[in-house]
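Engineer: Quick one: this structure, given as structure tokens, is what I'll be asking you about.
The values are calculated or read from the model by the stated rules, or taken from the named source; none is laboratory data. Note that the structure is a prediction, hence the values are computed from the model and not measured. With ideal geometry, Cβ positions are generated from the backbone for all residues, glycine too; neighbour counts draw on all protein chains shown.
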Amino acid sequence: MTIDCHQHFWRYDPERDGWITAEMGVLKRDFLPNDLGHVLTSNSIHGCVSVQAAQSDAETHFLLQLAERNEFIKGVVGWIDLQRDDLEEQLEHCSKLRKLKGFRHVLQSEPKGFMLNPKFIRGLKKLTAFGFTYDLLIYHHQLEEALKLLSETANVKIVIDHMAKPSIRTQEKTHWELNMAAAGSFENVYCKLSGMVTEADWHHWKTEDFFPYLDEVFEVFGPKRVMYGSDWPVCLLAGSYESQLGVVASYISALTEEEKENVMGKNAERFYNLY
């Protein structure tokens, strides 16, 4: 089964979705399953994992409702406050929700030190007992702090979203490369091949711009710990669904058939327990 392991749905709310700036006008509308289903089908994608975009319990419930009504949504990565006092009680409740597979917090927007708060780390460690994963959303300059977090959470299945958002538009990668190598040394950590086109020059990128970054990710994580994700509809800022998929398809064309199947679906199935 081919899986897009990272996409979003929302009913656009200018107040809540303030991160969508004026230059992101293409995103200022609703994006719902009816908008994505035919796109996945036309690109031979059999299912997707829907990831939170807002930080609320209501967001998780919204995505789960969509997933129950649309079979192609195979799993949901929701939001939960990992520092809440009744976290275990909440996780116990969440564990009964069939399509809820993990959680994410928009750490890229948090101040330095947030992810190293002892209460946050304690909460993160509790996910494993309830079968949940964690999506790590950070910028490349937050990797050093994230490495300290990873050293404390070897029991948690963690995936780095968007390759930690390297500065592809400037082609700088020295520090990113060193820190990603360190991140990949943790066997519980995976990496999503997602969000690349929006880290490049939106209007002038070419496929080869991404290959040095993909080289590093595959060198460090190997084909069994990387997974394809579109970051739709955010990817529309820099190209079509087909164009971002084309970057990954071009790069993995030299892999074995088994390796391609892992990258394009099986790794996501295993990581998120989508069976």
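Engineer: Go through the range 1-44 residue by residue and tally those that are of a type in the set (Val, Ile, Thr) and in a helix (DSSP H, G or I). Spell out the reasoning first.
Structural biologist: Applying the first criterion (of a type in the set (Val, Ile, Thr)) to the range 1-44 yields 2-3, 20-21, 26, 39, 41.
Imposing the further condition that a residue be in a helix (DSSP H, G or I) reduces the set to 26, 39, 41.
Here the count works out to 3.
Engineer: Only one residue in LYS119, LYS157, LYS101, LYS74 is of a type outside the set (Phe, Trp, Tyr), at pLDDT 95 or above and over 15 Å from the mean Cα position of the chain (by Cα), so which one is that?
Structural biologist: Within the list LYS119, LYS157, LYS101, LYS74, the selection yields LYS119.
Engineer: Would you please list the contacts, defined by Cβ atoms under 6 Å and residues six or more apart or on different chains, that run from a residue in the range 219-239 that is on the phi > 0 side of the Ramachandran plot to a residue that is in a loop (DSSP other than H, G, I, E, B) and hydroxyl-bearing (Ser, Thr, Tyr)?
Structural biologist: What qualifies is ASP231/SER194.
Engineer: Let me ask something additional. Go through (1) within 12 Å of ALA164 (Cβ to Cβ); (2) out of contact with any helix residue (DSSP H, G or I) (no Cβ under 8 Å at 6 or more places or on another chain) for GLU208 and report which single condition fails.
Structural biologist: (1) is the only condition that GLU208 fails.
Engineer: Which ones in the range 146-186 are among the charged types (D, E, K, R) and without any contact (Cβ under 8 Å) to a residue 12 or more places away in the chain?
Structural biologist: Of everything in the range 146-186, just one residue is among the charged types (D, E, K, R) and without any contact (Cβ under 8 Å) to a residue 12 or more places away in the chain, namely GLU172.
Engineer: Same structure again: Mind listing just one residue for me: the one in the range 217-238 that is more than 22 Å from GLY25 (Cα to Cα) and among the hydrophobic types (A, V, I, L, M, F, W, C) and, of those, surrounded by the most Cβ atoms within 10 Å (Cβ to Cβ)?
Structural biologist: MET227
Engineer: Would you check if ARG69 is surrounded by fewer than 16 Cβ atoms within 10 Å (Cβ to Cβ) and within 16 Å of PHE31 (Cα to Cα)?
Structural biologist: For ARG69, the condition - surrounded by fewer than 16 Cβ atoms within 10 Å (Cβ to Cβ) and within 16 Å of PHE31 (Cα to Cα) - is met.
Engineer: Exactly one of these conditions fails for SER109: (1) closer than 30 Å to ILE20 by Cβ; (2) surrounded by 13 or more Cβ atoms within 10 Å (Cβ to Cβ). Give me its number.
Structural biologist: (2)
Engineer: Suppose the filter is surrounded by 14 or more Cβ atoms within 10 Å (Cβ to Cβ), farther than 22 Å from LEU137 by Cβ and either of a type in the set (Gly, Ala, Ser) or over 20 Å from the mean Cα position of the chain (by Cα) (or both); does GLY47 pass it?
Structural biologist: no
Engineer: Right, another one. Would you mention how many residues in the range 239-275 are under 19 Å from HIS204 (Cβ atoms), of a type in the set (A, V, I, L, M, F, W, C) and surrounded by fewer than 21 Cβ atoms within 10 Å (Cβ to Cβ)?
Structural biologist: Within the range 239-275, residues that are under 19 Å from HIS204 (Cβ atoms), of a type in the set (A, V, I, L, M, F, W, C) and surrounded by fewer than 21 Cβ atoms within 10 Å (Cβ to Cβ) number 0.
Engineer: In the range 46-65, which residue that is part of a loop (DSSP other than H, G, I, E, B) and without any contact (Cβ under 8 Å) to a residue 60 or more places away in the chain is nearest to VAL159 (Cα to Cα)?
Structural biologist: For the range 46-65, the residue satisfying everything is GLN52.
Engineer: If only one of ALA254, ALA249 is aliphatic (A, V, I, L, M) and assigned to a helix (DSSP H, G or I), which one is it? Break it down into steps so the answer makes sense when it comes.
Structural biologist: Numbers: ALA254 fails: assigned to a helix (DSSP H, G or I).
Just one listed residue meets the conditions, ALA249.
Engineer: Just to be sure before I move on: is ASN267 under 28 Å from GLU71 (Cα atoms), of a type in the set (S, T, N, Q) and assigned to a helix (DSSP H, G or I) in the structure I sent?
Structural biologist: Yes.
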